[in-house]
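The values are calculated or read from the model by the stated rules, or taken from the named source; none is laboratory data. The shown structure was predicted, so the numbers you read here are calculated from the model rather than taken from an experiment. Every residue, glycine as well, gets a Cβ built from its backbone with ideal geometry; the counts of neighbours run over all protein chains shown. SASA here: full protein model, heavy atoms, side chains in, ligands and nucleic acids out. Shrake-Rupley method; radii C 1.70, N 1.55, O 1.52, S 1.80 Å.
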Amino acid sequence: MKKIIFTILVVLITFLIYFFNRSEKIYYVSLGDYLSYGINNFKNVNNSYSNNIKEYHKQNLDKYVNYSSYDDYRVMDLINDINYNKTVIYEDKEYKLQNLLIKANLITISIGMNDLIYKSNYDTDLYEYTDDLLKDIESLLILIRKYNKDEIYFLSFYNVIGNENLIEYANKRLEIICNKNKIKLVDISLLNNYIIDKLYPTNDGYMYITNKILYFTKQKK
């Protein structure tokens with residue numbers, strides 16, 4: 001009987017040590033488009049907000065993987081990649097995307113701007129299209145929540161299409177969707193103040209995004 005109790009205590013202590021060590025370490029996964037990738041106003045890859053956050057947590061960082069694309073990466077692309085459990089190669093190591101989502105305790109997402117930019121170039125009902133895009137974003141967030149119950153931050157839209165009313169409308173709807181799925185919406189609507197070529201932020205713009213995200217993470221502490 002004493003051996004059984006001792007074994008149970010050893011297992012319990014081992015679990016508690018694992019749990020508290022896990023909670024102290026940060027497993028950070030960044031998902032998204034050119035913002036997550038870090039394209040600046042000179043169209044060079046520089047310090048993205050993802051890299052800035054990684055550096056901020058470097059003393060406590062267990063793992064950092066940035067799964068993002070320079071190219072025309074859209075919401076349905078990310079949904080498909082998750083559903084197909086795409087293999088992610090980052091810094092010469094291979095990961096399965098679903099496994100990354102399961103292990104992460106910090107996730108940031110920037111996606112949807114490419115979708116809006118593409119449609120704004122055509123004569124179409126942007127409000128109707130935005131409603132459809134927001135449905136896709138909600139599907140994405142529900143999918144990610146299947147794999148992860150920890151901290152997730154989603155970047156808002158900012159106005160690179162010359163339609164302030166539409167961006168305001170989209171962000172209000174997006175906030176409702178994020179709240180519904182217990183995801184923090186990071187308002188970067190003032191990113192336009194750090195845009196020179198109408199799309200990509202300056203380095204100061206990436207610091208603006210970084211500080212917006214860190215505001216929430218510091219509140220959590």
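Within segment 142-163, residues that are touching a residue at least 24 places away in the same chain (Cβ under 8 Å) reach partners that are of a type in the set (Gly, Ala, Ser) and in a loop (DSSP other than H, G, I, E, B) with beta carbons closer than 7 Å, at six or more positions or on different chains, in the pairs Asn148/Ala104; Asp150/Ala104; Phe157/Gly112.
Condition first: touching a Phe, Trp or Tyr at 6+ places or on another chain (Cβ under 7 Å), part of a helix (DSSP H, G or I), more than 25 Å from Thr124 (Cα to Cα) and in contact (Cβ under 8 Å) with a residue 12 or more places away in the chain. Can you find one or more residues in segment 174-184 that meet it? Yes, the conditions are met somewhere in segment 174-184. If you go through segment 26-73 and keep only what is open to solvent by 50 Å² or more (accessible area, probe 1.4 Å) and in contact with a strand residue (DSSP E or B) (Cβ under 7 Å, 6 or more places away or on another chain), you end up with Tyr37, Val45, Asn60, Asp62, Lys63, Tyr70. Among the residues in segment 125-139, are any under 30 Å from Lys25 (Cβ atoms), of a type outside the set (Val, Ile, Thr), free of Cβ contacts under 8 Å to residues at least 24 places away in the same chain and in a helix (DSSP H, G or I)? Within segment 125-139 (the criterion being under 30 Å from Lys25 (Cβ atoms), of a type outside the set (Val, Ile, Thr), free of Cβ contacts under 8 Å to residues at least 24 places away in the same chain and in a helix (DSSP H, G or I)), the answer is no, since none of the residues qualifies.
Filter segment 118-129 down to the residues that are closer than 22 Å to Asp71 by Cβ and in contact with a Leu (Cβ under 7 Å, 6 or more places away or on another chain), then identify the one that is least open to solvent (accessible area, probe 1.4 Å). Filtering first and then ranking leaves Ser120.
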